[in-house]
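One structure is given below, encoded as structure tokens.
The values are calculated or read from the model by the stated rules, or taken from the named source; none is laboratory data. Keep in mind it's a predicted model, so treat the numbers as computed, not measured. Cβ placement follows ideal geometry from the backbone for every residue including glycine, while neighbour counts extend to all protein chains displayed. What goes into the accessible areas is simple: the full protein's heavy atoms, side chains included, and nothing from ligands, DNA or RNA. Shrake-Rupley method; radii C 1.70, N 1.55, O 1.52, S 1.80 Å.
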Amino acid sequence: MTALPGQFARVNALPGQLALAARLARRELRGGLRGFRIFLACLTLGVFAIAAVGSISAAVIAGLERDARIILGGDVTVRLLHRPATPEQLDWLTRHAAAMSQSVEMRAMARAVDGARRTLVELKAVDDLYPLYGTLDLEPAVPRAALFARRGGVPGAAVERSLAIRLDLKLGDRILIGDGTFELRAVIAHEPDRGVGGIDFGPRVMIGLDGLADTALVQPGSLVEYHYRLRLPPGVAARGVTTALRRDLPDVGWRIRDFRQATPGVDRFVNRITLFLTLVGLTALLVGGVGVGNAVRSYLDSKTATIATLKCVGAPGALVFRIYLMLVLALGGFGVAIGLTLGALAPLVAGRALGALLPVPIALGFYPVPLVSAGLFGGLTALAFSLWPLARAREIPAASLFRDVVAPARRRPRPVYLAAIAVAILLLAGLAVWSAPDRTLAAWFVVGAAASFAAFRLLALGLVRLARAAGRPHNPRLRLALGNLQRPGAPTASVVLSLGLGLSVLVIVALIEGNLSREVEERLPARAPSFFFIDIQPDQLAAFETLVKQQPGVTGVQEVPMLRGRITRLNGVPVERAAVQPDSRWALDSDRGLTYAGMPPAGTRIVAGSWWPADYTGPPLVSFDAGLAAGMGLKVGDSLTINLLGREVDARIANLREIDWSSLGLNFAMIFAPGLLEAAPHTHLAIAYASEAAEEPLLRAVTDRFTNVSAIRVKDALDAINAILQAIAVAARITASVTLAAGTLVLAGAMVAEHQRRVYDAVVLKVLGATRRDLVGAFLLEYGLLGLATAAIASVIGSVAAWLVVTRIMHAEWVFLPLTVAAVAALCGTITIGFGLVGTWRALGQKAAPLLRNA
């Protein structure tokens, strides 16, 4: 030490003090990173998790924006349901476009010529200009003129490979769609605008627009979508065209989107998943913050002699604080930089994995915004968790520092440092809320995180008190284990807090995933119908019901009239400007199915208002979903404006219903009173319940008799939903595992910090006659109790949190999954006992003589 008391006294100016602190901090770094490895690992892991999630999300969104015109199929698209555009509307579109492509999309049944195989398909009829942007890749590369041309009176078709496999088709074979016959000319390798219209229940079949009439599927009321895609002249803004279209042709009822809104559903989905994974990553960083604080405290404990010497030769407490604050900030910056570097590279790894899930490749690149956010999270976490032990070292006198090993000082930091800690925590919470797309959810996360920290801290203190209250058991191993849990400086509190938080997140994710999987795989199939049959014409209804009821194994059939309309105003306010909760916005984004009824459907639960008389003939009334009404701020007596087939209809809400959507029955958010919809062109929707053995004969009978009727097998739809849930679950488990990994690092840090004390205890006990077996048993019993208590606490907290999410947010049926919780508890026990065994074995391997000579 080259500085003397006089030198410390002469350094009064702040720049000089900072320069001296920086010089001494650099000297501390000469000893390497010993003592800070866990510190760096915790920060790096948490920052990497947040940076990786943010960078991948930004790359996905950038990829969607980069290829927005290809995904959308044009600069502007217009979609109409049930009916094509009128000549006046077509004239407006063609006058404002450099080119316009038309297509028609619907669901249909495709059958092999021999009738042995059939499946639901997504049928798309396109014109000669399709696609305006991007390319339609075919195998083999058939010229457009030959792809859909008629040969011997039979038009051509292109299909996805999965359909060719399912129907056992090869090039040149024929398939039946509706009343039409088509020849397979090519397999679709890539469809540029595929995957932007929602969930697909079948593979694609593409035909020419003039071949659609052969199918005879387009009938009044059929669920047919008419798409008009525009390529605008150079220099013409898409926003200007959409604004003019809404102004010149209002109340048409079409959905208008430009390339800036190419994938609203995908964007929402990505943002939600990003928010969830970011919050889980932030949990990992907060858990790692405990390790950061422990690492700083452990390092300062190892520097007791150095700090005491500095204070004895005249160094003020402020200088000590600045020296080690600079050291922590430098190392924290290093750990954050490593995490940011790894996070920035994450899109390179994720690009291949996400390729099959997105309509376009992600845009690889450098995305500074999520990296800056992750860096701020890391820096604030390091600061918030380091200030307490740093401030403690600044306040404790030199004499106390020398006694700190056997009698830890309980002195609190000065109010200015407590205020700094509070500011860092508030900034961390504010950043979490400000940077989140759903700030309400992020705010609840902040509240939950604070409550969890407090709860685990209190539970850890309770565990210590229980260990004290246990007294002195006769079993020496148990007595030693309980003593270690509650002695001064024991890692009990930090292990319970950090490992408990990680395990709680893992329990929450596992239980939510298990309940959702059970809902989709077991409960829904048990309650759900076998088939949905759509596009049943009114004159086919009686024959359809008779045919279905005659089929062996059919246990029930229900039907309702159905058409689709779009909500355009809420109490006269356009939906674009209405205050609607995010969870209810989906009902306004596109057309919704609706029906009419004189009597309430079986099982209807009215929660507000009353049903109309069966012979009602007055102004339009509607029964509305109570959950959606709450999200839209509606009540009984308010009005909805619905566009039906291009006509605006105002209807008063007569009652609100609580709907069990999980039944997969004939549920409609809107049911109209009689008197309005009967005269409108519409079809009927039916559901049929049948045994598994009766499903295939029922499908054949209906689709052979009624070629225009499409059958959606509910099992196939549930499989598609379950596949999406499984993909989400994998991402959630990976991110939750990062939280557990952070807790494990904290545990490892506690083992490192405890090593010298363990060595000392082991040597003393061996000198007093304890055998290696006694020591191993006592130490493993200690960590077994610690792991068991932590697992129990985490299991209870995680289960309660998962129950709240499933029942209150998802409104699903809750089932406790004991094996899932037991597996997580076993994982906790394995981790704690494993680390305890490693630490104990190392301690037992130390020779007694060197330690006793230096004691």
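Numbers for the structure displayed
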item: Prolate/oblate/rounded call for the stretch 77-231, Cα gyration tensor, a/c under 1.5 rounded; result: prolate
item: For Asp248, solvent-accessible area (1.4 Å; no DNA, RNA or ligand), Å²; result: 70
item: Apportionment of accessible area to carbon and sulfur, the stretch 151-263, percent (1.4 Å); result: 51
item: Dipole of the stretch 77-231 [Lys/Arg +1, Asp/Glu -1 at C-beta], most positive-end residue of His82, Leu147, His96; result: Leu147
item: Label point distance in nm, Asp716-Glu678, each placed 7 Å from Cα along Cα→Cβ; result: 3.6
item: Ile61, Ile536, reordered so the largest accessible area comes first (probe 1.4 Å); result: Ile61, Ile536
item: Ranked packing of 820-827, 69-76, most packed first, by mean Cβ within 10 Å; result: 69-76, 820-827
